[in-house]
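To start, the structure under review is shown below, and the notes come after it.
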Amino acid sequence: QVQLVESGGGLVQAGGSLRLTCAASEHTFSNYRMGWFRQAPGKERDFVAAISRSGGSQYYADSVKGRFTLSRDNAKNTMYLQMNSLKPEDTAVYYCAARTSYGISFTPNEYDFWGQGTQVTVSS
């Protein structure tokens with residue numbers, strides 16, 4: 001069972017940048033399709049971005065396309081979410097997740113393992 005730890009959240013002004021990191025506990029990290037989700041207070045957990053096992057394909061929610069970039073380094077068992085041009089509506093707890101089944105998914109309940117989350121707050 002893989003363990004995931006997010007880091008890199010914080011408080012930033014609108015227009016600023018943050019890089020989130022998701023570190024996995026095991027060397028079989030490359031076997032997992034990975035994703036980022038976010039959850040604002042009182043709202044459902046929403047898809048942000050996902051990446052294939054090799055890192056060659058990335059998928060983004062329309063709300064972050066062109067501003068966020070997802071990548072992974074399988075040699076370091078780590079995934080990165082570079083977030084630029086941040087907006088107040090990006091404020092949420094961000095979670096990384098791992099999926100063992102075939103194919104990319106945009107649905108939270110189709111992911112098998114989750115991190116504890118990291119808070120991102122964007123001030124206006």
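Residues with beta-carbon under 15 Å from that of Leu86, excluding Leu86: net charge, scoring Lys, Arg +1 and Asp, Glu -1?
Values: positive: Arg19, Arg38, Lys65, Arg67, Lys87; negative: Glu89, Asp90.
Residues near Leu86 contribute +3 overall.
Could you give the dipole magnitude of the chain about its Cα centre, charging the beta-carbon of Lys and Arg +1 and that of Asp and Glu -1, in debye to the nearest 20? Write down the numbers at each step before the final one.
Details: 12 positive and 10 negative charges, 45 e Å.
With Lys and Arg at +1 and Asp and Glu at -1, about 220 debye.
Identify which of Thr21, Thr78, Thr107 has the largest mean-square fluctuation in a Gaussian network model of the chain, with springs joining Cα atoms closer than 10 Å.
Thr107
Please enumerate, by chain and number, the lysines with C-alpha under 19 Å from the C-alpha of Lys87, excluding those fewer than 8 residues away in the same chain.
Once the sequence-local lysines are set aside, what remains near Lys87 is Lys43, Lys65.
Around Ala14, what is the net charge, scoring Lys/Arg as +1 and Asp/Glu as -1 over all other residues with Cβ under 13 Å from its Cβ?
Values: positive: Arg67, Lys87; negative: Glu89, Asp90.
Computed value for this residue: 0.
Farthest toward the dipole's positive end in the chain, which of Trp114, Ala97, Met79, given Cβ charges of +1 (Lys, Arg) and -1 (Asp, Glu) about the Cα centre?
Met79
Where does the charge balance sit around Gly117 when Lys and Arg score +1, Asp and Glu -1, over other residues with C-beta under 11 Å from its C-beta? Walk me through the intermediate numbers first.
Working: positive: Arg38, Arg45; negative: Glu6.
Residues near Gly117 contribute +1 overall.
Using unit Cβ charges (K, R positive; D, E negative) and no other charged atoms, how large, in debye to the nearest 20, is the dipole of the stretch 1-72 about its Cα centre? Display every interim value, and only then the final one.
On the way: 9 positive and 5 negative charges, 29 e Å.
Computed about the Cα centre, the dipole is about 140 debye.
Under 10 Å, Cα contacts only: if you run a Gaussian network model on the chain, which one of Leu81, Leu20, Leu11 comes out with the highest mean-square fluctuation?
Fluctuation is largest for Leu11.
FYI, it's all coordinate maths here, none of it is from the lab. Keep in mind it's a predicted model, so treat the numbers as computed, not measured. FYI the Cβ positions are ideal-geometry reconstructions off the backbone, even for glycines, and counts take in every protein chain you see.
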